[in-house]
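For reference, the structure is listed below as structure tokens.
The values are calculated or read from the model by the stated rules, or taken from the named source; none is laboratory data. Treat the numbers as computed from the prediction; the structure is a model and nothing was measured. Cβ: placed from backbone, ideal geometry, glycine included. Neighbour counts: every protein chain shown. Ligands, DNA and RNA are excluded from the accessible area calculation, which covers all protein heavy atoms including side chains. Shrake-Rupley method; radii C 1.70, N 1.55, O 1.52, S 1.80 Å.
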Amino acid sequence: MKDIQTRLYHRLNWRIMSWIIVIYLMDSIDRTNLGFARAHISQDVGLTAAQFGFAAGIFFIGLVLFEIPISLLASKVGAPKTFARIMVLWGLTSAATGFIHDRQSFYILRFLLGVFEAGFAPTCTYYLARWYPAERMSGVIFWHQLSLPLAGIMIGPVSGWLLTHFDQVGGLAGWRWMFVMEGLPSVLLGFIIVFVLPSTPQDAKWLSPRERTIIEGWSVRENVRHGTFSAVVRDPAIYMLSLGFFALMAGMYMLNFWMPSLIHEAGVSSPLAVGLYSSFPYAVSVASMAYWSARSDRKKERSFHCYAPALLAAGCFLLTTVIPDVFALQMVVLAGATAGIYASYVVFWALAANVFQGSAATGGFALINAIGLWGGFVSPMVVGKLTSLTGTMSAGMVCMGGTVAVGAAILWSVTRTITGTRAVSEIPAEIL
């Protein structure tokens with residue numbers, strides 16, 4: 001039986017997971033490439049740091065407003081059709097950003113990008129939970145969310161190259177080419193995905209009847225907290241969990257949108273060099289996610305593995321403001337913050353994937369995501385405003401460090417309640 005399951009995992013990884021990684025990678029690229037065009041857009045369109053921060057954050061207003069209804073609808077129409085519609089619309093919107101000429105059109109397109117992406121992440125988590133067992137979910141979420149740091153690794157060099165080598169090609173600025181050339185592949189992939197991903201195990205013609213039965217059994221979760229969405233919205237613990245996720249998102253999107261500016265402020269001026277250096281923290285985070293998610297599955301423990309990396313990230317945010325002005329040291333600390341945020345993030349969703357069952361799944365994931373993603377709206381604006389007021393990014397880093405630290409404390413409290421994990425003082429020594 002174990003051999004059958006192992007072979008089945010490999011088939012699922014190839015037939016399901018590989019496509020999820022690709023589409024999530026394109027989503028991450030289209031969402032985060034904005035940071036590399038900041039200086040160019042700000043100059044050509046006329047934006048202050050605070051206005052750029054608002055443009056980066058308004059994306060999340062559109063996403064949050066439609067996250068829950070779109071996610072609930074996805075469970076009815078099927079994940080592949082939902083993915084296809086979202087990818088075509090967000091790809092076109094991202095590409096259209098290359099043709100903006102004023103601040104208002106920039107704001108509108110960023111808002112629409114959020115609207116069209118709504119429901120994507122919760123639907124991915126719900127979809128994967130239908131194909132993999134609970135004890136594998138931390139590793140599954142790692143492979144799923146691997147696209148986030150991979151996008152960080154790829155987007156820097158690719159965007160830097162496009163900004164440098166396509167500048168004024170055909171009379172268009174390099175940043176305009178960047179949005180067009182990084183947005184259109186999502187449109188093409190959207191037309192493909194609906195034909196290659198089955199909606200349910202019963203629709204997978206490449207599975208045998210026995211394999212379909214095994215997978216259907218995996219999708220049934222033990223010790224589920226909620227089975228209906230109405231029960232989810234009445235549970236205070238879910239809102240506390242969402243606040244912890246808010247803090248993680250605040251830290252993550254601070255890094256996603258402001259990492260190039262931090263590196264530029266450290267003395268790196270070439271767009272290509274900024275892009276290459278920006279890849280380093282995300283490369284480190286891939287290793288941290290792989291190790292920490294595997295450790296969480298092996299120890300069968302979620303709570304400690306969720307809040308501990310967030311504490312590391314908070315400390316690194318604060319360290320950036322007091323360490324000596326040595327570029328290599330600054331990069332190490334930024335890598336520590338990035339690795340901590342992403343390691344916490346991947347275990348967080350592995351924990352959440354085992355909390356819900358049935359109609360609660362997509363709605364529960366969407367509720368947590370909708371509340372948590374306000375962190376992605378607030379943090380770019382706060383950092384932008386503080387940067388405009390002080391002239392440096394130090395105040396923003398202190399603010400994000402405090403936010404992530406509070407989030408870690410919330411996660412420490414609520415995840416022990418949800419998972420039934422013992423207090424940290426009672427955690428076995430092999431975990432600590």
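Worth a mention:
- Checked against the criterion of being surrounded by 15 or more Cβ atoms within 10 Å (Cβ to Cβ) and modelled with pLDDT of 80 or more, the range 216-231 contains not a single residue that satisfies it.
- When the range 156-215 is filtered for residues that are touching a strand residue (DSSP E or B) at 6+ places or on another chain (Cβ under 8 Å) and in a helix (DSSP H, G or I), only Trp177 remains.
- Some residue of the range 75-87 being of a type in the set (Val, Ile, Thr), open to solvent by 10 Å² or more (accessible area, probe 1.4 Å) and closer than 24 Å to Pro380 by Cα: no
- Of the set (1) over 17 Å from Phe348 (Cα atoms); (2) modelled with pLDDT under 80; (3) open to solvent by less than 30 Å² (accessible area, probe 1.4 Å), all apply to Phe365 but (1).
- Every condition in (1) open to solvent by 20 Å² or more (accessible area, probe 1.4 Å); (2) closer than 19 Å to Ile371 by Cβ holds for Leu184 except the one numbered (2).
- Test: residue in the range 252-274 that is small (Gly, Ala, Ser), under 25 Å from Asp27 (Cβ atoms) and buried (at least 22 other Cβ atoms within 10 Å of the Cβ): no
- Entirely in the range 30-118, the helices (runs of 4 or more DSSP H) that have 2 or more residues that are within 16 Å of Gly183 (Cβ to Cβ) and of a type in the set (Ser, Thr, Tyr): 79-96
- Spans of helices (runs of 4 or more DSSP H) in the range 277-396 with at least 3 residues polar (S, T, N, Q) and more than 18 Å from Trp412 (Cβ to Cβ): 374-390
Okay, residues lined up against (1) within 25 Å of Ser293 (Cα to Cα); (2) at pLDDT below 90; (3) of a type in the set (S, T, N, Q); (4) out of contact with any Gly (no Cβ under 8 Å at 6 or more places or on another chain):
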{"position": "Leu73", "(1), (2), (3), (4)": "no, yes, no, no"}
{"position": "His101", "(1), (2), (3), (4)": "no, yes, no, yes"}
{"position": "Ser105", "(1), (2), (3), (4)": "no, yes, yes, yes"}
{"position": "Val140", "(1), (2), (3), (4)": "yes, yes, no, yes"}
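- The range 29-44 - residue that is more than 18 Å from the chain's Cα centre (by Cα) and touching a residue at least 12 places away in the same chain (Cβ under 8 Å) and, of those, surrounded by the most Cβ atoms within 10 Å (Cβ to Cβ): Ala37
- Pairs where the first residue, in the range 309-333, is in contact (Cβ under 8 Å) with a residue 60 or more places away in the chain and the second is surrounded by 18 or more Cβ atoms within 10 Å (Cβ to Cβ) and assigned to a loop (DSSP other than H, G, I, E, B), C-beta under 7 Å, 6+ apart: Gln330/Thr320
- Counting only residues that are open to solvent by 10 Å² or more (accessible area, probe 1.4 Å), of a type outside the set (A, V, I, L, M) and over 16 Å from the mean Cα position of the chain (by Cα), the range 117-172 holds 12 of them.
- Residue check for Leu112: closer than 22 Å to Asp167 by Cα, modelled with pLDDT of 90 or more and out of contact with any Lys or Arg (no Cβ under 6 Å at 6 or more places or on another chain): no
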